[in-house]
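Written below as C-alpha cells is the structure these notes are about.
Nothing in this text is a laboratory measurement; each read-out follows from the coordinates by a stated rule. Please read these numbers as outputs of a predicted model, since none were measured by experiment. In this analysis, Cβ positions are derived from the backbone assuming ideal geometry, glycine residues included, and neighbour counts consider all displayed protein chains.
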Amino acid sequence: MTKTRVPTQKRSIEKREKIVKAGFDLFCEKGYYKTNTAEIAKYAGVSTGALYSYFEDKRQIFIESFHQHLDAISTALLQQLTSLPEQLDLSTFIEKWIEVYIDLYAKSNHALVQLRLVIVDDEEINHHFSALENTYFSNIANILETRGIICANLFEKAYISCILIDSLRQEKTSFSHSGLNFEIIREQVKQNIFQMLSA
C-alpha cells in the first residue's frame with residue numbers, strides 16, 4: 001500500500017478536509033461499521049485512490065474526524081472558562097461551567113454516542129481518545145488551579161466533575177427520564193462538585 005502523505009498545498013489540504021468531513025458526517029449518520037471508504041470518497045467528491053493517499057483506512061479517518069470535532073468543542077469550552085471573571089466565587093464558576101458545557105455539547109449527542117460504541121470495540125481508537133480525554137481533564141484541572149482551587153487529588157476531582165456534568169448533559173439533551181426534575185439534578189451536581197473542590 002502506498003504510504004500516506006501530509007498535504008502542504010492548499011488544494012491538497014482542502015481535499016483531505018473534505019474526506020475528514022465526509023467521514024464524520026457518514027459515521028454519525030450510518031455508524032462506523034456501516035460506512036466504508038468508497039462511500040466516504042464518493043461523499044467527499046474524491047477518488048478512492050485520493051482518499052488512500054491521505055489515510056490508510058477508515059479507522060484513521062474516524063480518529064481524525066472525531067478528534068477534530070472534539071478538539072474544537074473542548075477548545076471553545078476551555079477558552080470560555082478561562083475568560084470568566086477571576087472574582088467569580090466557586091459556586092458561580094461551577095454554574096457557568098455546567099451552562100457552557102451543556103450549550104457546547106448539546107448538538108453532539110449522536111457523534112458522542114457513535115464514538116462510545118466504537119471505543120468499546122476498537123483498542124486503538126480507545127487509546128487515542130482516552131489520551132485526548134486525559135489532556136482535557138488536565139486542562140480543566142489547570143484552569144481550576146489558576147482560579148485558586150487547590151485541593152488534594154485535583155486531577156481526579158476534575159475528572160469526576162466532568163463525568164457528572166456530562167451525565168447532566170445527557171439527561172438534558174438525549175436520555176431524559178420522565179419523573180425526574182432536571183433542575184434538582186442540576187443543583188445536586190453543582191453541590192457535589194462544589195463539595196469535592198472545596199475539600
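Counting Lys and Arg as +1 and Asp and Glu as -1, each charge on the Cβ, what is the dipole of the range 12-52 about the Cα centre in debye, to the nearest 20?
60 debye
Can you work out D for the range 100-199 in µm² s⁻¹ from Stokes-Einstein, where Rh is the Kirkwood radius over C-alpha pairs, the temperature is 20 °C and the viscosity is 1.002 mPa s?
Value of D from the Cα-based Kirkwood radius: 143 µm²/s.
As a quick test, which of the pairs Lys107/Lys172; Lys21/Lys58; Lys42/Lys107; Lys96/Lys157; Lys21/Lys96; Lys30/Lys172 have an alpha carbon distance above 22 angstrom in this structure?
Working: Lys107/Lys172 11 Å; Lys21/Lys58 13 Å; Lys42/Lys107 26 Å; Lys96/Lys157 18 Å; Lys21/Lys96 31 Å; Lys30/Lys172 24 Å.
Cα-Cα > 22 Å for Lys42/Lys107; Lys21/Lys96; Lys30/Lys172; rest within.
In percent, how large is the relative contact order of the range 41-144, given Cα pairs closer than 8 Å and 6 or more residues apart? Numbers along the way, then the final one.
Numbers: 31 pairs, mean separation 30.7, N = 104.
Normalised by residue count, the contact order of the range 41-144 is 29 percent.
If contacts are Cα pairs under 8 angstrom and at least 6 residues apart, what is the relative contact order of the chain in percent?
Normalised by residue count, the contact order of the chain is 20 percent.
Tell me, what does the Kirkwood hydrodynamic radius of the chain come to in angstroms if you use every pair of distinct C-alpha atoms?
18.7 Å
Under a GNM of the chain (C-alpha, springs under 10 Å), which listed residue has the highest mean-square fluctuation: Gly49, Gly148, Gly179?
Result for the chain, Cα springs under 10 Å: Gly179 fluctuates most.
Counting only helical runs of four or more DSSP H residues, what would the 222 nm mean residue ellipticity of the chain come to if each run contributes -39,500 (n - 2.57) and the total is spread over all its residues?
On the way: 9 runs with 151 residues, N = 199.
It comes out at -25500 deg cm²/dmol, rounded to the nearest 500.
Say each of Glu86 and Arg116 gets a label point 7 Å from the Cα, pointing the same way as Cα to Cβ; how far apart are those two points in nm?
3.9 nm
Applying the Karplus parametrisation 6.51 cos²θ - 1.76 cosθ + 1.60 with θ = phi - 60° to the phi angles of the range 132-149, what ³J(HN,Hα) value in whole Hz is obtained for each residue in order, glycine and proline being reported as x?
Result, rounded to whole Hz: 5, 5, 4, 5, 4, 4, 5, 5, 4, 4, 5, 4, 4, 4, 5, 8, x, 8.
Over all directions, how big on average is the projection of the convex hull of the alpha-carbon atoms in the range 35-119, in square nanometres? Please list the in-between numbers first.
Numbers: hull surface 28.6 nm².
Projected over every direction and averaged, the Cα hull of the range 35-119 covers 7.1 nm².
Defining a contact as two alpha carbons under 8 Å apart and six or more residues distant in sequence, what relative contact order in percent does the range 1-92 show? All intermediate terms of the calculation are to be shown ahead of the outcome.
Numbers: 61 pairs, mean separation 30.0, N = 92.
Contact order relative to length: 33 percent.
Given a Förster radius of 45 Å and the C-beta distance between Ser174 and Arg11 as r, what FRET efficiency does 1/(1 + (r/R0)^6) yield to the nearest 0.05?
So the FRET efficiency works out to roughly 0.70.
Report the net charge of residues surrounding Lys10, where surrounding means a beta-carbon distance below 12 angstrom and charges are Lys +1, Arg +1, Asp -1, Glu -1.
That sum, taken over residues with Cβ under 12 Å, equals +1.
Taking the Cα atoms of the range 115-166 alone, what are Rg (to one decimal) and Dmax (as a whole number) in Å?
Reported Rg and Dmax, both Å: 13.0, 40.
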